[in-house]
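To start, the structure itself, in structure tokens.
The values are calculated or read from the model by the stated rules, or taken from the named source; none is laboratory data. Here the structure is a predicted model, which means the values were calculated and not measured. Here the Cβ is made from the backbone with ideal geometry for all residues, glycine too, and neighbour counts use every protein chain on show. Remember, those area values only see protein heavy atoms, side chains included, never the ligands or the DNA or RNA. Shrake-Rupley method; radii C 1.70, N 1.55, O 1.52, S 1.80 Å.
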Amino acid sequence: MRTTSKTPRPLSNQEKYEHFHRKQHRIITLARLFILGFFLAAWEFSACRGYIDSFFFSSPSKVTLCFIDMVKDLTFFSNTGVTLLETIISFMLVFLIGMISATILWYSRRCSEILEPYLVVLNSLPKSALAPLFIVWLGTGINTIIVAGISVAIFGSIINLYTGFKQVDEEKIKLIYTLGGKKRDAFLKVILPGSIPTILSNMKVNIGLALVGVIIGEFLAARRGLGYLIIYGSQVFQLNLVITSIIILCLIAMGLYQIIQGLEHYYKKKV
Amino acid sequence: MNNPILEIKDICYSYHTLKGETPALSHISFQVEKGEFLAIAGPSGCGKSTLLSVIFGLLVPESGEILFHVTPKEMPASRHQTAGICPKMGYMLQHDHLFEWRTIYQNVILGLEINHQLTPDKIDRVTEMLKDYDLYKFKDKKPSELSGGMKQRAALIRTLVLDPEILLLDEPFSALDYQTRLSVSSDICNIIRSTGKTAILITHDLSEAISLADRILVMSKRPATIKCDFPIHLTLSDDSPLASRNAPEYQGYFNKLWKEISDENYVQNTTPLK
């Protein structure tokens, strides 16, 4: 299809390109919003008309009411706060332990060769299987949940970071030696700054996994938190509460991911 | 004459893998005079870079010794895996390896940073060198914003600020395109000659070797030995590497070297594979 420009002055090719680009961007944003709006409208409509049973499937209006109630009686703040706190602590600890372990593995080749099969096995083990053990060992409380959060993310994190460290160009490390540096200099001047993209993408994965671990922990061993609300709601057939909690969880996951993406953008702009 | 700054005595080196041993250097001996510009040429894969790594001390030779005469007493050069034991040598690699996360200035002072020598007079020297080599304007740029020749000059400054007596150059021009290569090699040659440093250049480019060096060692195929030793004397009005390509003796040297190297390649190609 041929289109002709309606402006009196013909557009330059660059302007045409920019115009096309902006249009494309607008279409994508609109389509995204449309899908969300359509889904909510269809849900509400079918719940109103009785096509689906709103007792089991809830509806956007019921979710909104439930959310307002939660804000009023402050359960929203206490439960979301607990989950958020546990997730952030798990994430921080995963980051710290992951970095330290990957550094040790990089320093000592022998150490990494000895530990490799253990890391692989522990990484592929479904960590939810460990949660009951943690309850027995650590009781029901915030400690268990943080440990559950760490256990899900830690092994993958160590393997990823170590692989990232190893992929740094050998010649760059040789350069450090030719300038009279030691292994320590190679790590601080080459490996660490060169691996920042790997570290950031690793953080993105970890924040999601830490949240998974925390929710598993809360399912089994908590008296507060969004995971607890989901389990509690399903047991007493308050599915509004379950669905509201899931939506809050969605928003938390998105927010945490955005924070790290922001960090990544900041780094890219700086370099 | 006969005032060697570096003596290589009977060096042997082999690479070991589980599949077996690959001898790389076999009984290599030579001397380098103070202030001399020595080129080492040889067929590719013959162990030229290995030799430089051994001289620098990144690799430990299996036998033989390397003597470095800089103090009145003879002092054995570095013997250990970690370098820096012999701070009087500077090593320039094939690629500039400037770090993208540092500016040109920060890249240039990397060596000083590692050796904890960030003193005011050293920093003044860096600034002066950046100005001398036309890089001062670009000191806050990222390496990717510079041309290949400028990057290689920045890499040279990074090596020179550590004040080495001997420069080891491991095909530092081979990653550049032909035109840049001619001008950068002449720049770098002038810089080295004007500071009176001793240099050992590894190259597989014969015309580069003839135009830059005072003496050329030809290495045989692996396991490498020194095959012959050519002193180069060019009659020149001015001493730039570009002019030396027009010297009357140039063609004669080129043909002689070419014959040595291609004999070597021929033998290599006819050796039956096991």
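From the helices alone, meaning DSSP H stretches of at least four residues, give me the mean residue ellipticity at 222 nm for the protein assembly as shown, per-run term -39500 (n - 2.57), in deg cm²/dmol to the nearest 500.
Numbers: 20 runs with 308 residues, N = 545.
Counting only the DSSP helices, I get -18500 deg cm²/dmol.
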* To do: Please sort A:11-21, B:116-126 by packing, taking for each peptide the average over its residues of neighbouring beta carbons within 10 angstrom, highest first.
  => B:116-126, A:11-21
* Asked: Using the per-residue mean of other Cβ atoms lying within 10 Å as a proxy for protection, in what order, highest first, do the peptides A:237-244, B:90-97, B:225-232 fall?
  -> B:90-97, A:237-244, B:225-232
* B:E145: net charge of surrounding residues, Cβ under 13 Å, Lys/Arg +1, Asp/Glu -1, itself excluded? -> +4
* **Rounded Å value of the spacing that divides the Cα centres of the range A:36-68 and the range A:167-231** => 40
* How crowded by other chains is B:183-190, given as the mean number of beta carbons from other chains within 10 Å of each beta carbon? -> 0
* Asked: Relative to the first principal axis of the alpha-carbon coordinates of chain B, what is the inclination of helix B:120-132, with its axis defined by its Cα atoms, in degrees from 0 to 90 and to the nearest 10?
  -> 70
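Where the eigenvalues come from the Cα gyration tensor of the range A:59-270, what are the semi-axes √(5λ) of the equivalent ellipsoid, largest first, in whole Å? Let's see the in-between values first.
Details: eigenvalues 315, 82, 26 Å².
Over the Cα atoms of the range A:59-270, the ellipsoid semi-axes are 40, 20, 11 Å.
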* To do: Any chance you could give the angle, 0 to 90 degrees and rounded to 10, that helix B:250-270 forms with the longest Cα principal axis of chain B?
  => 60
* Once amide H atoms are built 1.01 Å from N in the peptide plane, which residues 5 or more positions from B:R215, or in another chain, come under 5 Å H to H? -> B:F37, B:A39, B:I232
* Taking the simple approach of a point 7 Å from Cα along Cα-to-Cβ for both A:S234 and B:Y136, what is their distance in nm? -> 7.1
* Kirkwood hydrodynamic radius over Cα pairs of the range B:84-127, then Stokes diffusion coefficient at 4 °C and 1.567 mPa s, in µm²/s -> 110
* Asked: Quick one: Kirkwood hydrodynamic radius for the protein assembly as shown, alpha-carbon pairs, angstrom, one decimal?
  -> 29.1
* Structure fact -> For chain A, averaging the sequence separation of alpha carbon pairs under 8 Å that lie six or more residues apart and dividing by its residue count, the contact order in percent is 24
* Shielding by partners - mean other protein chain Cβ count within 10 Å, residues of B:89-100 -> 4
* Structure fact -> Restricting to lysines and to Cα separations under 19 Å from B:K221, and discarding same-chain partners fewer than 8 apart, the set is B:K48, B:K256, B:K259, B:K274
* **With all protein chains modelled, accessible area of A:T178 [1.4 Å, Å²]** => 10
* To do: Using a Gaussian network model of chain A whose springs link C-alpha atoms within less than 10 Å, name the residue from A:L36, A:L130, A:L226 with the highest mean-square fluctuation.
  => A:L36
* Structure fact -> If one builds a Gaussian network model of chain A from Cα atoms under 10 Å apart, the most fluctuating residue listed among A:L138, A:L179, A:L40 is A:L179
* **Phi to ³J(HN,Hα) by Karplus 6.51 cos²θ - 1.76 cosθ + 1.60 over the range A:223-237, Hz, x for Gly, Pro** => 10, 8, x, 5, x, 4, 4, 5, 5, 4, x, 5, 6, 9, 6
* Structure fact -> With every protein chain kept in place and a 1.4 Å probe, the residues A:E171, A:E218 fall, from largest accessible area down, as A:E171, A:E218
* Asked: Which distance in Å, rounded to a whole number, links the C-alpha centroids of the range B:29-43 and the range B:162-235?
  -> 9
